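**Q** After the structure tokens below, expect a handful of questions from me.
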């Protein structure tokens, strides 16, 4: 298809504008209604173009519009705008529409491209979405294309109209392929620069405050007797990388009991579990990059987790039970003697690393000096505190635990009984009972994890066994593409910690609730997308100086450590990636080189068939000199057997190249036949 | 189109009856006519300069005048004079031999620069200004001048400004051996006096209009510019080609395309005509008339300037 350069330019401009608007929408700078309105105005300008050509430009109008825009923006900044960024966005949109409705020359196309670019710039600090990458790539490709087209049109504007009319630009695959190659090269170079140039400072423009907070699911309080349906939300709130599994060699089935502990409660008032006022809180400040010590180390294996936590409106730090250390960006941390770790409520995604010492299978054989039952009666009173409990609950607990060998055995029996005798349900119906636990155990005999956990803790405490309720998340779904656990809002969970003498606090989950089923094949794309999103966040959005140093260190080690060399060389994935990069760069270079090669001796407008004929002739040792015309070359070729065919091709070439005459179908066929003859005999 | 080509063929064939064995030279002369230009035919005596000019002139229906230039000639001998007529009590302009369609200015460098210059305005604007009056020359108007090479005795070199006004400078050269034999035998050539017109003056004007419509691709324009720029930058040349020279080259190339049966110019048109159209417009550095021929320099430039592909 042949499109005239100016309409191709118009198409490119509108694509860029659409890209910019999509970016504004993505960054939340433009709402759905605003987007619809802006899109309608942009579309209308497309149809208004013919009308515009008939109207003479009014120079004073431009000045008036600029004054209006400046005034409007100043007014907006001091009065209504939620942030500077909003005012800037509105100014951009206004200028964009003005330009679209007054577009005349190719210079305006360039200005519009700049405005679209500013839209992307405005959005950059307001979003961390991976979709931005796609929009940016689109902008790069279309923008490059537009620059080339603009150059063509600008060159053409000086030419006499008769020439323009007789020879429409052929803007087919070649130009677009060239702009694709140029964009690919740009992206490659940008990527290298991004990874190498030291990351310093913060974004110049302030982030828009994030107002959206996820509140359902996890809470910093366990309240019984509420009603409603929970756990349906499949939004991913947390992603957990296990350091040991970085290379993808771990298997999630190996760790079924993994849970992400958030907050433990010690006080129960009959309806709600809370953190008692007697809890010792400690706020630590530290100098980077020393880790915060959280819990005493018992000497077992250590599990390191890198966690990306979405803003869920909680200040708790999650991690596998018995958190040892916390590395994070925050320099203030609050710890308490329940093992809860909190940081100031984050407004954006939180990225931190924790070291944990996972609990071993059966704690009964352990005898760790630091994990003995404290002799302090106040300590015991705190973890066996109870409000008045219905007598039949105490009786039930007594009945189940009768004959238990120790605390842990009693806890196991109670937990097994709960899981066996009671039903797990997500649907909560407010019964209005005075004692929700009694209602759960004897009347409804069904409830969610909070009921199970509360029931277990209360029954343990009636038997004088220290216990507490814990809120957090289940292990979540394993993402095999990104090698991490995806924890969703619906994975929010409650369980119990019971104190075992010599082993410390041990987790126990009484809920008969299974792990989520493995993902269906159809959902794999979603997993892959999620992995892509996390990589985008990990390696682009939160790419820091620290990461650069680490990467540089890895490279240095790989180069200098002998043992590392073979491992790097044999990693076929890296090889494949490197090969792809080389292929992209190579094809870009070839495309550019061919283009340059075609331009030798003047304007690069050689009809393709003549270029082919020249190549065929070159194989016979005949190449044109710089000052040699096509006819002179044909004259030199007269001694060869292809003289007739080449003379015919030369005549056709002259007609096309200098006469601006398109070949008819018959002529084109004759040209093809001549070429075939030339190429056949050239071998 | 075919009509134009047919007319041109007829003209060329007619001239070829008088000038045997020189089809390229005849083609150049016809190009000069079609491009509304003037021709300077320069060669040693006796190769057929006058024959070419006379044959071309006689092949076209219209007026023809031959002016034999001599050293004692005055401008009024060419342009004409105002003569007092007692019965009307006024001066009346009596046109000179220039007032015709084709002028054969034979041995133009035999006369003085003053007389040579009187041709300037006529050649450039096809009009004559005399005694505060302007007289239009008939159309088509063409000057065919012949001259001997400059080093000959008793010649006055044409001023550069005058040389610049000739579209093409043509050399004829000795005929080939077989052609000369035919001439000696006396059977080959027709005397110019026996030639009749094969083209009306209106036909010539129509062909000249046709030339204007020949298409020139942008790349060919660039090629013309590159060639001209090369003459301006060439070290052996003191004076390069003027914009009038590039215009002349382009016009001649258009005419050549038409004479070749094309309605578009190819680089060959430009390259072939570079020497006839440009070589007489450049001045050599240093000694004049040495061993270096301006034509050779222009030819060398043509071989080095890249041709559009």
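The values are calculated or read from the model by the stated rules, or taken from the named source; none is laboratory data. Predicted model only: the values in this text are computed from it and were never measured. Here Cβ is always computed from backbone atoms with ideal geometry, including for glycine, and neighbour counts include all displayed protein chains.
**Q** It is to be established whether one or more residues within the stretch A:656-678 are under 17 Å from residue B:262 (Cβ atoms), within 14 Å of another protein chain (Cβ to nearest Cβ) and not in a loop (DSSP other than H, G, I, E, B).
**A** Yes: one or more hits.
**Q** Can you run down the residue pairs with Cβ atoms below 9 Å, 6 or more apart or on separate chains, where the first is in the stretch A:602-626 and within 8 Å of chain B (Cβ to nearest Cβ) and within 17 Å of residue B:217 (Cα to Cα) and the partner is in a helix (DSSP H, G or I) and at pLDDT below 80?
**A** A:605/A:598; A:606/A:598
**Q** Are there helices (runs of 4 or more DSSP H) fully within the stretch B:1-89 with at least 3 residues that are surrounded by fewer than 16 Cβ atoms within 10 Å (Cβ to Cβ)? List them.
**A** Fully inside the stretch B:1-89 and qualifying: B:2-18.
**Q** Can you tell me which residues in the stretch A:627-655 are within 20 Å of residue A:679 (Cα to Cα), within 13 Å of chain B (Cβ to nearest Cβ) and either out of contact with any helix residue (DSSP H, G or I) (no Cβ under 8 Å at 6 or more places or on another chain) or not in a helix (DSSP H, G or I) (or both)?
**A** Across the stretch A:627-655, the qualifying residues are A:635, A:651.
**Q** Within the stretch B:265-284, take every residue that is away from chain A (no Cβ under 14 Å) and within 20 Å of residue B:307 (Cα to Cα) and give me the one that is surrounded by the most Cβ atoms within 10 Å (Cβ to Cβ). First the steps, then the outcome.
**A** Taking the stretch B:265-284 and keeping what is away from chain A (no Cβ under 14 Å), we get B:276-284.
From what's left, within 20 Å of residue B:307 (Cα to Cα): B:276-279.
Values: B:276: 25, B:277: 31, B:278: 27, B:279: 20.
Taking the candidates together, the pick is B:277.
**Q** Another question, if that's okay. Checking the conditions here, which among B:256, B:262, B:299 is within 14 Å of chain A (Cβ to nearest Cβ) and outside any helix (DSSP H, G or I)?
**A** B:262
**Q** Which condition does residue A:177 not pass, out of (1) assigned to a helix (DSSP H, G or I); (2) surrounded by fewer than 15 Cβ atoms within 10 Å (Cβ to Cβ); (3) modelled with pLDDT under 80, if it passes all the others?
**A** Going through (1) assigned to a helix (DSSP H, G or I); (2) surrounded by fewer than 15 Cβ atoms within 10 Å (Cβ to Cβ); (3) modelled with pLDDT under 80 one by one, residue A:177 breaks only (3).
**Q** Before we move on, is residue B:197 in contact with a strand residue (DSSP E or B) (Cβ under 7 Å, 6 or more places away or on another chain) and away from every other protein chain (no Cβ under 14 Å)?
**A** yes
**Q** Let me confirm something: among A:56, A:39, which residue is modelled with pLDDT of 90 or more and surrounded by fewer than 18 Cβ atoms within 10 Å (Cβ to Cβ)?
**A** Answer to the selection: A:39.
**Q** Against the condition in the same structural domain as residue A:147 (by TED's automatic domain parsing), touching a residue at least 24 places away in the same chain (Cβ under 8 Å) and within 28 Å of residue A:136 (Cβ to Cβ), how does residue A:31 come out, does it pass?
**A** no
**Q** Consider the stretch A:317-332. How many of its residues are buried (at least 20 other Cβ atoms within 10 Å of the Cβ) and modelled with pLDDT of 80 or more?
**A** Selection size over the stretch A:317-332: 9.
**Q** Is it the case, given these coordinates, that residue A:373 is in contact (Cβ under 8 Å) with a residue 24 or more places away in the chain, surrounded by 15 or more Cβ atoms within 10 Å (Cβ to Cβ) and in contact with a strand residue (DSSP E or B) (Cβ under 7 Å, 6 or more places away or on another chain)?
**A** no
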